[in-house]
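Let me begin by presenting the structure, written as structure tokens, before commenting on it.
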Amino acid sequence: MRLGISSGLIYDDAEKWAQAHSALGLKSVVFPLDCNADKSLVKDYVQAACEKDLVIAEVGIWRNVNSANPSEKEEMIKYAIRQLELAEEIGARCCVNVAGAIKGKRWDGGYKENFSEEAWNKTVKSVQEIVDAVRPVKTKYALEPMPWMIPTGPDQYLKLLSDINRDNVGVHMDIVNMINCPERYFFQEDFMTDIFTKLDGLILSCHLKDIHKKEEYTWQLEECACGQGELNIEHYTRLATAHSSDMPMIIEHLHSDEEYRLSIKYVSKRLGL
């Protein structure tokens, strides 16, 4: 596996950025620039990553390409296309987004409409439109699973890929986002094994974090830093590494460089890296 982080350690200088990641024992990165960056600067960051043997795991989109606002939707799809072009240019493992809410105030929020036939069809169509505009061969487009937005599980993911029907679309894996009910939480090892069995050969990059069940009288799960929850991280990373010995495992959603450094140290010690 290739451990990485999703943010932090940002520098204006490409060489210092790559050196900071490499010095922490990291082997993969999320690309810190977007499609609006100067082309020469993009080239500098790609070269710096290559020199430090840092695989560029992901180029993020994080925009609602299924927005109910037509002008916003058009703008977001254009941005997604440009991000996919960037991912193709630099040879990233994947260009990742979430499906996006078709209604509601929060673009990535949980609403019942997220599971409607309309949402499904819009997601299929938007992914097709984005990848057909670029036709990437060095990278792939991927949707990150979400607890309250398609795809929420491996069977749904397979059906979505089948309906999209494009070879340049793969899977971005976030196990914690898929653990959204008691069965998946309490029998997480079986669920993880099921995921990697069904999505064998399709997973491009993985997020690494933890999940904690609150002691409340309603079912409540919260995302947390590795070691602060109950996720069987060893089982997760073992499955991911069996899937690909070079699998990027990206620690995410921490709040400072220091928190990332502590998490890297903890994960590396726990996994014997």
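The values are calculated or read from the model by the stated rules, or taken from the named source; none is laboratory data. None of the values given here were measured: they were computed from a predicted structure. A quick note on method: Cβ atoms are made from the backbone with ideal geometry, for glycine too, and the neighbour counts reach across all protein chains shown. Protein only, heavy atoms only, side chains kept; ligands, DNA and RNA dropped before computing areas. Shrake-Rupley method; radii C 1.70, N 1.55, O 1.52, S 1.80 Å.
Identify the single condition in (1) open to solvent by less than 10 Å² (accessible area, probe 1.4 Å); (2) within 14 Å of residue 66 (Cβ to Cβ) that residue 113 does not satisfy, given that it satisfies every other one.
All conditions pass for residue 113, except number (1).
Out of the residues in region 1-55 meeting the condition of being among the charged types (D, E, K, R) and within 22 Å of residue 233 (Cβ to Cβ), tell me which one is most open to solvent (accessible area, probe 1.4 Å).
By that ranking, first place goes to 27.
Could you tell me which numbered condition residue 144 fails, if it satisfies all but one of (1) under 20 Å from residue 198 (Cβ atoms); (2) open to solvent by 20 Å² or more (accessible area, probe 1.4 Å); (3) touching an Asp or Glu at 6+ places or on another chain (Cβ under 7 Å)?
Every condition holds for residue 144 apart from (2).
Show the residue pairs that are 6+ apart or on different chains and have beta-carbon atoms under 8 Å apart, the first residue being within region 163-185 and small (Gly, Ala, Ser), the second being at pLDDT 95 or above.
Hits for this filter: 170/94; 170/140; 170/141; 170/142; 170/202; 170/203; 170/204.
Answer with yes or no whether residue 155 is open to solvent by 70 Å² or more (accessible area, probe 1.4 Å), over 28 Å from residue 50 (Cβ atoms) and touching a residue at least 40 places away in the same chain (Cβ under 8 Å).
Yes, satisfied.
Have a look at 190, 174 and point out the one that is over 11 Å from the mean Cα position of the chain (by Cα) and acidic (Asp, Glu).
Only one candidate passes the filter, namely 190.
Please work out if residue 104 is out of contact with any Asp or Glu (no Cβ under 6 Å at 6 or more places or on another chain), within 30 Å of residue 232 (Cβ to Cβ) and surrounded by fewer than 16 Cβ atoms within 10 Å (Cβ to Cβ).
No.
If you check 22, 7, 71, which single one turns out to be part of a loop (DSSP other than H, G, I, E, B) and of a type in the set (Gly, Ala, Ser)?
Going through 22, 7, 71 in turn, the sole match is 7.
Mind counting the residues in region 233-273 that are touching a Ser or Thr at 6+ places or on another chain (Cβ under 9 Å) and on the phi > 0 side of the Ramachandran plot?
Count: 1.
Given the criteria among the β-branched types (Val, Ile, Thr), out of contact with any Asp or Glu (no Cβ under 6 Å at 6 or more places or on another chain) and open to solvent by less than 60 Å² (accessible area, probe 1.4 Å), does residue 124 qualify?
Criteria not met by residue 124.
Quick one: in region 78-90, of everything that is within 18 Å of residue 107 (Cα to Cα) and either of a type in the set (Asp, Glu) or under 18 Å from the mean Cα position of the chain (by Cα) (or both), which residue is most open to solvent (accessible area, probe 1.4 Å)?
79
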